[in-house]
Amino acid sequence: MCLPILVMSGLQIFNAHPALYWGERSDPDRALLSIDAVGSDDNEPIGLTTVFGRTFDTTGLLGVSTDAEGRVRSRGFPSWATLPGPQWLAMGRRWHFFAAWIFVLNGTLFAMYSLAGRHLWRDLLPTWRELRGLGESIVDHLRFRHPHKDAVGRYNGLQKIAYLGVIFGLGPLIVWTGLAMSPRMDAAFPWLSDVWGGRQSARTVHFTACVLFIGYVALHVVMVTATGLWNNLRSMLSGWYRLPPPKSGGTL
Amino acid sequence: MIDRRQLLTRGLATAGLVFLAGCDALSGNARAVRLLERAEAVSRRAQRLLSPRNAMAKEFTAADLSPVFPANGTINPADPAYQALAEQGFADWALEVGGLVERPQSFPLADLRRLPARTQITRHDCVEGWSAIGQWTGPQLSTVLDVVRPLPRARYVVFFSADPDESGAKYYESLDLEEARHPQTILAYEMNGHVLPIPHGAPLRLRVERQLGYKMAKYLMRIELRDSLTPIEGGRGGYWEDQGYEWYAGI
C-alpha cells in the first residue's frame, strides 16, 4: 500500500520541477533529464523529453498528456501516474511524507527482524555454490526455465541477491537520498548530500532508485505470475507451497 | 467467456483504479488530510531531536554562485504604495517592528545598514525541487530582536510583505523564536554583493537557511511578535501554509 503511494506522490512532487541535475545547483542548461511542453494547452502542445542532450517526442505520456476529464495538460508525468491526480504539490508532499514514515518504520522493523531471526541467515544469504552458479541461473531465467520440486522451496541465488539488494541496498539508499534533500538534515549532516556531490545529485539518485524499485517490483510480479500466481501468493502469506502431484506410472 | 488470467488482469486494474480514486477522494476529506498532516509534527520533532539546535547550513564560495538565480513567486508587487516607495529608491521605506515587544521601532534602510551585518553564500532550496546558490548580506534577525526586546509571551515572529497577489491575499510568513534567533537567519538588503534587486525582494527579504524557499518572505514591510498564529489571515502561519504547505519547511 505504502509503495504505490510513495512512488505516485513522488512523481507528483517531481512534476513541480520535472528535471534532474548533478551537483548542488539546478542550472537549467546543465540538466541531465528534463521534461518540457512546447505550445499552449489549447493549441496542440507537444511533450519533449531530453535525456543527456537527446530529445524525444513523448506527447501523450511525458510533458503533455490527457487528464481524467480528457483535457490536454502540460505536465511531467501524466495524471494517472501521480497522487493526487491533478497538479497539487502541497497534497503530494503530505502523502509522500506520511507514507515515508510508515516505510521507514516498517523497513526498520523488517531489517531488525531479519537480522535477529533466522530468515536472513538461513534463507537469504546466498551460498558459494549459488554465487558460482549465477551465470547459469541468469541464462535459465532468461529462458523461463524455472526450478521444480525440491529446488522450489528455497530462494535461488539470483533471487537472494535481488532481495538483499532491495532490502539492504535500494531501501536505505532511497531513505538516505530523501533525507539529503531536507535543508535541516543537510545543515546538521552535510555528508548526507556531499557524498553524492550535492543536493541535486541526491535528488537524481532518489529518482533513479525509485525507477530501479519499480523495475524490481515489475520483474517480481512477472516472475510470481509466470511461476504460478495462486500457489506463490499462498506461500508468501502462509508459508505453504503446493508441489505438483508426482506423475503416475513412473515407478516400476 | 473470459479466462482466469483476463479476470485477474481486469481485477487488478480495477483495484488499482479504486485505490487511486480512493486516495484522490481522501485528499479532499478534511479528516484524512488532518491525519496526513500529523506527519509534519513527527518530522519536525524528529529533525529537531536529531539535529543540533544551532547546526549551520552549508556555506559555499563565490565560485559556487548560480549563474542565474531564479526569481520565483511575485517579481514586482503591483501594490501602488510599494511602487511609490520603489520609485524613490526606498528612501522613504522603513521596517516596522512591533507586536509583543517592549520597544516597538521602525528601521529605515540606513539604520539597518548600520547594524553589524552577516554575509553568507548559501543554497536556496525551493519546495518545487530546484536549488540555487546566492550570497546574502544583512543584519541577523536576532540583532533586531535584541533592539526591540520581545515580551516573554511572544512565541512567533511574523513577517508581512508588500505583496498582494491577484486575489488580494497578502504574503506573510512566520518563524518560531528558535529559528528566528539562528545565526544564519538574516534580513538581507544585498544579494551577490549588490543592492537587493526588486525580483528578489527589494528592499529587504528574510533568509532562513535551514528551511525551504517559501519561508523567506520578500518585500518586507512589517515584523510582529505574536503569541499565536491563528488570528492572522488563514491562521496557519503563512501565505503558502494557508494553501496546505507545511509550516515547518525543514524537509
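No lab work stands behind these numbers, since they all come straight from the coordinates. Here the structure is a predicted model, which means the values were calculated and not measured. We place every Cβ from the backbone using ideal geometry, glycine too, and count neighbours over all the protein chains shown.
Largest GNM mean-square fluctuation across B:PHE19, B:PHE107, B:PHE159, computed for chain B with C-alpha springs under 10 Å, falls on B:PHE19. For chain B, averaging the sequence separation of C-alpha pairs within contact (under 8 Å, six or more residues apart) and dividing by the residue count gives a relative contact order of 20 percent. Just the Kirkwood number for chain B, please: inverse of mean 1/r across all distinct Cα pairs, in Å, one decimal. Radius from the Kirkwood sum: 20.1 Å. Of the residues B:ARG53, B:ARG155, B:ARG118, the one that moves most in a GNM of chain B with alpha-carbon contacts below 10 Å is B:ARG53. Computed as a quarter of the hull surface, the mean projected area of the alpha carbon convex hull for the protein assembly as shown stands at 31.1 nm². Straightening the chain between A:TRP121 and A:TRP80 buys 10.7 nm, computed as 0.36 nm per residue apart minus the Cα-Cα spacing. Across the alpha-carbon atoms of region B:102-251, the computed radius of gyration and Dmax are 14.5, 40 angstrom. Scanning residues 5 or more positions from B:GLY99 or on other chains, those with amide H under 5 Å from its amide H are B:LEU225, with H placed 1.01 Å from N in the peptide plane. Within region B:10-53, all pairs of alpha-carbon atoms sorted by distance into 5 Å bins from zero give the percentages 5, 19, 14, 14, 12, 12, 10, 7, 4, 1, 0. Taking every alpha-carbon pair within region B:1-131, the share separated by more than 20 Å comes to 78 percent.
Here the sum of -39500 (n - 2.57) over DSSP H runs of 4 or more residues, divided by the residues of chain B, equals -8500 deg cm²/dmol at 222 nm, to the nearest 500.
Can you pull the mean other chain C-beta count within 10 Å for peptide A:3-15? All intermediate terms of the calculation are to be shown ahead of the outcome.
Working: counts 0, 4, 2, 0, 0, 3, 1, 0, 0, 0, 3, 2, 2.
Mean inter-chain Cβ contacts per residue within 10 Å come to 1.
Based on the alpha-carbon gyration tensor of region A:148-218, what equivalent-ellipsoid semi-axes (square roots of 5 times the eigenvalues) come out, in whole Å, largest first? Walk me through the numbers on the way to the answer.
On the way: eigenvalues 221, 25, 12 Å².
Equivalent-ellipsoid dimensions as semi-axes: 33, 11, 8 Å.
Distance from the C-alpha centroid of region A:186-214 to that of region A:1-29: 11 Å, rounded to the whole angstrom. For region B:81-153, the relative contact order comes to 29 percent (Cα pairs under 8 Å, sequence separation of at least 6). Gyration tensor analysis over the Cα atoms of region A:1-130 returns equivalent ellipsoid semi-axes of 37, 19, 14 Å (largest first, whole Å).
What FRET efficiency do you get for B:ASN76 and B:LYS170 if R0 is 22 Å and r is their Cβ-Cβ distance, rounded to the nearest 0.05? Could the numbers behind the result be given before it?
Values: r = 16 Å, r/R0 = 0.73.
FRET efficiency, B:ASN76 to B:LYS170: 0.85.
Computing FRET efficiency as 1/(1 + (r/R0)^6) for B:SER106 and B:ASN54, where r is the C-beta to C-beta distance and R0 is 35 Å, gives about 0.75. Note on region B:57-243: with charges restricted to the Cβ of Lys and Arg (+1) and Asp and Glu (-1), its dipole about the Cα centre is near 540 debye.
Over chain A, the fraction of Cα-Cα pairs per 5 Å bin, rounded to whole percents and listed from the shortest bin up, is 1, 5, 9, 13, 15, 14, 12, 11, 9, 5, 2, 1, 1, 1, 0, 0. Across chain A, the relative contact order, built from alpha-carbon pairs under 8 Å that are at least six residues apart, equals 17 percent. Over region A:98-199, with a single point scatterer placed on each C-alpha, what log10 of the ratio I(q)/I(0) does the Debye formula yield at q = 0.15, 0.16 1/Å? After summing over all Cα pairs, the log10 values are -0.79, -0.84. In the elastic network of chain A, a GNM with C-alpha springs shorter than 10 Å, the most mobile of A:ILE138, A:ILE46, A:ILE214 is A:ILE138.
The mean number of partner chain beta-carbon atoms within 10 angstrom of a residue's beta-carbon across peptide A:186-192 is 6. Here the dipole of region A:19-76 is about 200 debye; that uses its Cα centre as origin and unit charges on the Cβ of Lys and Arg (positive) and Asp and Glu (negative).
Eigen-decomposition of the gyration tensor built on the alpha-carbon atoms of region B:128-197 gives equivalent ellipsoid semi-axes of 23, 19, 13 angstrom, largest listed first. Look at the stretch A:27-33: the mean tally of other chain Cβ atoms within 10 Å of its residues' Cβ atoms is 2.
Magnitude of the Cβ-charge dipole of the protein assembly as shown, K/R +1 and D/E -1, about the Cα centre, nearest 20 debye? Before the final figure, lay out the partial values.
Details: 52 positive and 47 negative charges, 525 e Å.
Magnitude of the dipole: close to 2520 debye.
Just add up the charged neighbours of B:PRO199: K/R +1, D/E -1, any other residue whose Cβ is under 14 Å from the Cβ of B:PRO199.
On the way: positive: B:ARG205, B:LYS218; negative: B:ASP163.
Local net charge: +1.
Compactness ratio for region A:19-76: Cα radius of gyration over 2.2 N^0.38 Å (N = residue count) comes to 1.21. Distant-in-sequence amide contacts of B:HIS124, defined by a placed amide H-H separation under 5 Å and a gap of 5 or more residues or a different chain, comprise B:ALA132, B:ILE133, B:GLY134.
For A:ARG73, the residues 5 or more places off, or on other chains, whose built amide H falls under 5 Å of its own are A:SER65, A:THR66, A:ASP67.
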